[in-house]
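The values are calculated or read from the model by the stated rules, or taken from the named source; none is laboratory data. Everything quoted here is computed from the prediction, not taken from an experiment. Positions of Cβ are backbone-derived with ideal geometry, glycine not excepted, and every protein chain shown enters the neighbour counts. The accessibility values were calculated without ligands, DNA or RNA, using every heavy atom of the protein model including side chains. Shrake-Rupley method; radii C 1.70, N 1.55, O 1.52, S 1.80 Å.
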Amino acid sequence: MDRMQDIESSDREVAEIIKKEHNRTEEGLEMIPSENFVSKAVLQAMGSILTNKYSEGYPRKRYYGGNQFIDEVETIAIERAKKAFGVPHANVQPYSGSPANLAVYAALCRPGDVIMGHNLPDGGHLTHGWKANFTGQVYKSVPYHVKADGYLDLEEIRSLAEEHKPVLMWVGATAYVREFPFEEFAKIADDVGAYLAADIAHISGLVIAGVHKSPAKYAHIITTTTHKTMRGPRGGMIMVTQKGLDKDPELATKIDRAIFPGLQGGPHDHTTAGIAVALHEALQPDFKEYAAQVVKNAKALAASLMKEGIKLVTDGTDNHMLLIDLTPFGKGHGVFVQEALDEANITTNKNTIPAEPLSPFYPSGLRLGTPALTTRGMKEPEMEQIGKWIATVIRETKAYALPASKPEIPGYLKAFKEGIKGNKTVHDVRAQVVALCKKFPLYPEFDILH
Ligand code: DSN
């Protein structure tokens, strides 16, 4: 596949950057739980001429001519989304997860309405009402939390909902490692008359494959990105469930209008094609195996890390993700570990933990996951080894501690980065990581670049 020939001759600078990123992904372990590697078929759809078209509106109701084939591709994507999630209505036009969530507000809430969502430092998402986000400023946001053990605090959620009577409640998060109790959320939302929106961005691939409970019976609306466990292009979708239509027969129309003309202009038709291809892949039997392996791998990685004495929030995982509690190494230690793992070609992200003792900027945890490694074909034996490497690198950071005085932090981190760059143990891990990655090539046809 000579995907890069033209760009190589026409724009060497950008071609070189893509080549460097390709090398980084081939030779490293991509463990950010919201990332994945798409198939060549999805890449081809994304790189297709469908990027050239304008198609404001919806199938057979467009504001531009020449949309007969765009109608076909959007209709296929919609039908596949409905089948994959068992819902009567799907909108595949949101540019990504955040715009999808904003459309839910635009459809259901007025400025000043009460909304409830999972608190950001407890693992929630910006668009679920965080104070620095538009949704925390325009609506009256009442955040709910997880308990000290890392599990959702359903008692608190019920009591806040009864007290504040939200118009809209979110269930879903970006750093929650246990199964979402959709049924319990639905009981609370129904009791207070709220709409329940399930943001399943992280777990949508697991839901399609049946390895995580589906919210379709419990929520009124489901939003998702398409590029995490679903393994499609970067994009978003909003689904309206039968329960949603029973509560409000106009709900599908409200959602569609909120996306267009409410928030967006022309949909990205090449992305729509990529989403259609990814949904087709996700509906195949081998995707079930893939998703089941993602979870098995996460559990194997959790076991390996815990055997090495590393503390995990909730002592394990039900899904694709793990959250390491680094407080035994010091508050804010996630900063050091993310950097040290980068040096070992293991890509993760620092993250807050429940009852975070410091801040989202200097968090005390590390978030990691298995979707991308599983796409490469790695299984339990590799997870056990990777757990040992991660624990080794974490231990190499134990002499470092964030200075109590904030102005001293940047200088200290600079010195740390230099120190870790020269660390022999971390470099030994990197050499072993590269050797492992060579056994699981990703896009070998891109060798044209080398
Ligand atoms: N950035 C996403 C994640 O990493 O979970 C959330 O939007």
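Annotations
- Scanning the range 25-40 for residues that are more than 16 Å from the ligand (Cβ to nearest atom) and either among the β-branched types (Val, Ile, Thr) or without any contact (Cβ under 8 Å) to a residue 12 or more places away in the chain (or both) yields 25, 38.
- Selection within the range 343-364 - outside any loop (DSSP other than H, G, I, E, B), more than 16 Å from the ligand (Cβ to nearest atom) and either farther than 18 Å from residue 302 by Cβ or open to solvent by 20 Å² or more (accessible area, probe 1.4 Å) (or both): 343
- Number of the exception - residue 199 against (1) open to solvent by less than 10 Å² (accessible area, probe 1.4 Å); (2) within 15 Å of the ligand (Cβ to nearest atom): (1)
- Only listed residue being over 19 Å from the mean Cα position of the chain (by Cα) and closer than 22 Å to residue 29 by Cβ, chosen from 345, 349, 297: 345
- Which numbered condition residue 217 fails, given (1) over 16 Å from residue 90 (Cα atoms); (2) more than 16 Å from the ligand (Cβ to nearest atom); (3) surrounded by fewer than 24 Cβ atoms within 10 Å (Cβ to Cβ): (1)
- Taking residues in the range 316-333 that are in contact (Cβ under 8 Å) with a residue 24 or more places away in the chain, and partners anywhere that are among the aromatic types (Phe, Trp, Tyr), the pairs with Cβ atoms closer than 6 Å and at least 6 places apart or on different chains are 332/362.
- Checked against (1) in contact (Cβ under 8 Å) with a residue 60 or more places away in the chain; (2) buried (at least 18 other Cβ atoms within 10 Å of the Cβ); (3) hydrophobic (A, V, I, L, M, F, W, C); (4) more than 20 Å from residue 175 (Cα to Cα), residue 413 meets all criteria but (2).
- Residues considered: 77, 100, 45. Of these, the only one that is more than 16 Å from the ligand (Cβ to nearest atom), under 23 Å from residue 198 (Cα atoms) and in contact with a helix residue (DSSP H, G or I) (Cβ under 9 Å, 6 or more places away or on another chain) is 77.
- On inspection, residue 331 fails the criterion of being closer than 30 Å to residue 410 by Cβ, touching a Gly at 6+ places or on another chain (Cβ under 7 Å) and of a type in the set (Lys, Arg).
- Condition check for residue 11 on (1) open to solvent by less than 60 Å² (accessible area, probe 1.4 Å); (2) under 30 Å from residue 197 (Cα atoms): one failure, at (2).
- Look at the range 155-173: where a residue is over 16 Å from residue 218 (Cβ atoms) and a partner is among the hydroxyl-bearing types (Ser, Thr, Tyr), sitting 6+ places away or on another chain with Cβ atoms under 6 Å, you get 156/144; 160/144.
- Scanning the range 57-80 for residues that are of a type in the set (Gly, Ala, Ser) and either at positive phi or in a strand (DSSP E or B) (or both) returns 57, 66.
Residue by residue, here is whether (1) open to solvent by 30 Å² or more (accessible area, probe 1.4 Å); (2) not hydrophobic (A, V, I, L, M, F, W, C) holds:
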| site | (1), (2) |
| --- | --- |
| 20 | yes, yes |
| 54 | yes, yes |
| 70 | no, no |
| 82 | yes, yes |
| 97 | no, yes |
| 102 | yes, no |
| 116 | no, no |
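- The number of residues in the range 18-42 being of a type in the set (D, E, K, R) and under 14 Å from the mean Cα position of the chain (by Cα) comes to 2.
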